[in-house]
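Asker: Okay, handing you the structure first.
The values are calculated or read from the model by the stated rules, or taken from the named source; none is laboratory data. Only a predicted model underlies this, so the values are computations on that prediction, with no experimental measurement involved. Neighbour counts are summed over all protein chains in view; Cβ atoms, including those assigned to glycine, are modelled from backbone coordinates with ideal geometry.
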Amino acid sequence: MIVVSGIRKSLRTGSTTVEILKGIDFTIARGEFAAIMGASGSGKSTLLGLLAGLDNPTSGTVTLNGTAISNLAEDKLAQLRGRTIGFVFQSYQLIPTLTALENVMLPYELNGSPNVAGEANGMARARQLLSAVGLDSRVDHYPVQLSGGEQQRVALARAFILRPPIVLADEPTGNLDTANGSHVLDLLLHLNRVEGTTLVLVTHDPVLATYAGRRITLRDGLVISDETQVPAQHTPAGA
């Protein structure tokens, strides 16, 4: 599902070239849950941006679902990104003037999707997802009327609206307290299993990484370990 081959990323600052990624190679299989770990400055967020096609590597290639994206024209890249990738951001990235339901519907509207998995429109799908994340009674609320945990659950529902084959999550519990973080993780794992989505999660939290079946650790722009593991069993919040 994701093939990273010889990825390098460097930035020019004045007369100095800073190497952020120094040659990264790995493959993530369909339906796999992989955690990318590393301290601040290790290159993990840069790598996630390259996987998403939000930036271009200095050299090397990224292939998503069989399509090499590194040199794809911007219009084709935007189309592929919209239909292939769901995003979950640490800072939620909800539109403040849209309700929870409208925020979830946004990728559907932007992609001009005539249907989602055979549905006449995306509204039923959006409502079903908001129900799945426990927000049945909050569909008409605006972000300012929602708690941080509720906003992140809206972001989760939005990430899955088009049933993307890949979901990329950048520190999805980083801004949440322990209870809300646990609840969001449970929802993310549940939606991953139900939707069969390939999940790549960037985190610096080793506990969060134990729930993945694969752990890729970066240091100074290099992969220093790439291990499979038996995922920890997560106890749902409130259980």
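Asker: Please identify the pairs in which a residue from the stretch 195-206 that is farther than 24 Å from residue 39 by Cα has its Cβ atom under 8 Å from the Cβ atom of a residue that is assigned to a strand (DSSP E or B) and at pLDDT below 90, counting only partners at least 6 apart or on another chain.
Answerer: Here the result reads 197/86, each pair linking the stretch 195-206 to a residue that is assigned to a strand (DSSP E or B) and at pLDDT below 90.
Asker: Considering only the stretch 159-189, state which residues are more than 22 Å from residue 106 (Cβ to Cβ) and either small (Gly, Ala, Ser) or outside any loop (DSSP other than H, G, I, E, B) (or both).
Answerer: Within the stretch 159-189, 174, 178, 179, 180, 181, 182, 183, 185, 186, 189 qualify.
Asker: Would you tally the residues in the stretch 46-82 being in contact with a helix residue (DSSP H, G or I) (Cβ under 9 Å, 6 or more places away or on another chain) and of a type outside the set (Asp, Glu)? Before you say what the answer is, go through the steps one by one.
Answerer: Kept after step one, since they are in contact with a helix residue (DSSP H, G or I) (Cβ under 9 Å, 6 or more places away or on another chain), are these residues of the stretch 46-82: 52-57, 60, 62, 64-65, 67, 69-70, 72, 82.
From what's left, of a type outside the set (Asp, Glu): 52-54, 56-57, 60, 62, 64-65, 67, 69-70, 72, 82.
Total satisfying the criteria: 14.
Asker: Every residue in the stretch 209-236 that is of a type in the set (Val, Ile, Thr), modelled with pLDDT of 90 or more and exposed (fewer than 15 other Cβ atoms within 10 Å of the Cβ), please.
Answerer: 224, 228, 230
Asker: Those residues that are in a helix (DSSP H, G or I) and touching a residue at least 40 places away in the same chain (Cβ under 8 Å), I need them from the stretch 130-147; list them, please.
Answerer: Quick first cut of the stretch 130-147, residues in a helix (DSSP H, G or I) only: 130-132, 136-138, 143-145.
If the condition is that a residue be in a helix (DSSP H, G or I) and touching a residue at least 40 places away in the same chain (Cβ under 8 Å), then 132, 143, 144 are the ones that fit.
Asker: Just one of 23, 6 is touching a residue at least 40 places away in the same chain (Cβ under 8 Å), of a type in the set (Gly, Ala, Ser), in contact with a Ser or Thr (Cβ under 7 Å, 6 or more places away or on another chain) and assigned to a strand (DSSP E or B); which is it? Walk me through it before giving the result.
Answerer: Working: 23 fails: in contact with a Ser or Thr (Cβ under 7 Å, 6 or more places away or on another chain).
After applying the criteria, what remains is 6.
Asker: If I filter the stretch 187-206 down to residues being of a type in the set (A, V, I, L, M), surrounded by 15 or more Cβ atoms within 10 Å (Cβ to Cβ) and within 13 Å of residue 129 (Cβ to Cβ), which single residue comes out as modelled with the lowest pLDDT?
Answerer: First, pick out the residues of the stretch 187-206 that are of a type in the set (A, V, I, L, M): 187-189, 191, 194, 199-202.
In the following step, the residues that additionally are surrounded by 15 or more Cβ atoms within 10 Å (Cβ to Cβ) were identified as 187-189, 191, 199-202.
Applying the additional criterion that residues be within 13 Å of residue 129 (Cβ to Cβ) yields 187-188, 191.
On the way: 187: 77, 188: 79, 191: 74.
Top of the filtered list is 191.
Asker: While we're on this one: Using the structure shown, decide if residue 44 is closer than 19 Å to residue 88 by Cβ, of a type in the set (Lys, Arg) and touching a strand residue (DSSP E or B) at 6+ places or on another chain (Cβ under 8 Å). Give the steps one after another, and end with the answer.
Answerer: Details: closer than 19 Å to residue 88 by Cβ: yes; of a type in the set (Lys, Arg): yes; touching a strand residue (DSSP E or B) at 6+ places or on another chain (Cβ under 8 Å): yes.
Here the answer is yes, as residue 44 does meet what is asked.
Asker: So in the stretch 51-77, with the set limited to residues that are in contact (Cβ under 8 Å) with a residue 60 or more places away in the chain and of a type in the set (A, V, I, L, M, F, W, C), which one is surrounded by the fewest Cβ atoms within 10 Å (Cβ to Cβ)? Talk me through it step by step, then tell me what you get.
Answerer: Keep residues of the stretch 51-77 that are in contact (Cβ under 8 Å) with a residue 60 or more places away in the chain, which gives 51-52, 62-65.
Keeping just the survivors that are of a type in the set (A, V, I, L, M, F, W, C) gives 51-52, 62, 64.
Working: 51: 22, 52: 20, 62: 22, 64: 22.
By that ranking, first place goes to 52.
Asker: Follow-up. Any idea how many residues of the stretch 62-117 are among the hydroxyl-bearing types (Ser, Thr, Tyr), closer than 15 Å to residue 2 by Cβ and either modelled with pLDDT under 80 or in contact with a strand residue (DSSP E or B) (Cβ under 9 Å, 6 or more places away or on another chain) (or both)? It would help to see each step written out before you state the result.
Answerer: Here is the first cut: in the stretch 62-117, the ones among the hydroxyl-bearing types (Ser, Thr, Tyr) are 63, 67, 70, 84, 91-92, 97, 99, 108, 113.
Filter once more, so that each one left must be closer than 15 Å to residue 2 by Cβ: 63, 67, 70, 84.
Now narrow it down to the ones that are either modelled with pLDDT under 80 or in contact with a strand residue (DSSP E or B) (Cβ under 9 Å, 6 or more places away or on another chain) (or both): 63, 70, 84.
Residues in the stretch 62-117 being among the hydroxyl-bearing types (Ser, Thr, Tyr), closer than 15 Å to residue 2 by Cβ and either modelled with pLDDT under 80 or in contact with a strand residue (DSSP E or B) (Cβ under 9 Å, 6 or more places away or on another chain) (or both): 3 in total.
Asker: Taking the stretch 38-75 only, how many residues are touching a Ser or Thr at 6+ places or on another chain (Cβ under 9 Å) and under 23 Å from residue 160 (Cα atoms)?
Answerer: Within the stretch 38-75, residues that are touching a Ser or Thr at 6+ places or on another chain (Cβ under 9 Å) and under 23 Å from residue 160 (Cα atoms) number 11.
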